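In what follows, a single structure is set out as structure tokens and then discussed.
Since every read-out is calculated from the coordinates, none of them should be taken as a lab result. Here the structure is a predicted model, which is why all the values come from computation and not from measurement. Please note: Cβ atoms are built from the backbone with ideal geometry, for glycine as well, and neighbour counts cover all protein chains shown.
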Amino acid sequence: MGSEYYFELIKMVTALVLVLGVMYLAFFVAKKTIWKGLATGASGVPIRILAQRSLGSRKSIVVVEADGQRMVLGVTSDRINLLAKTESSAPEGSSMPAGQGGPHQGIFPRMLAAFVNRGEGIEKHENV
């Protein structure tokens, strides 16, 4: 009776580990392929996060691309402000997060400098 009990316990623990491993693997693959920097709003327009910098506790500046436009957003815990907006110059599908090479290498410093220096070609907005 004792050996049967341990055999059943080992089978149950092995099955549990196997199921949890498959779930973890499926989540890991989905996170790396499906959800990587791509979100779709209610309108079905893809939104890409190109760069993000923290400004302190619960405050950050984010550069996003949506519907062919790049936007600099000020994000706090209770609101999101549109700081600047410009047309996207990159072809669709070539977006890559800043710091990983590609056509958007250094986009955050350029857009932030253009906003701070009141650069041309960028619309300035107060609050959204």
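In what sequence do E65, E87 fall when counting other Cβ within 10 Å, fewest first?
Arranged by neighbour count, lowest to highest, E65, E87 become E87, E65.
In what sequence, highest mean first, do 70-76, 80-86, 17-23 appear when ranked by Cβ atoms within 10 angstrom?
Ranked from most to least packed, the peptides come out as 70-76, 80-86, 17-23.
Please find the FRET efficiency linking E87 to Q52, where r is the Cβ-Cβ separation and R0 is fixed at 25 Å, and quote it to the nearest 0.05.
0.75
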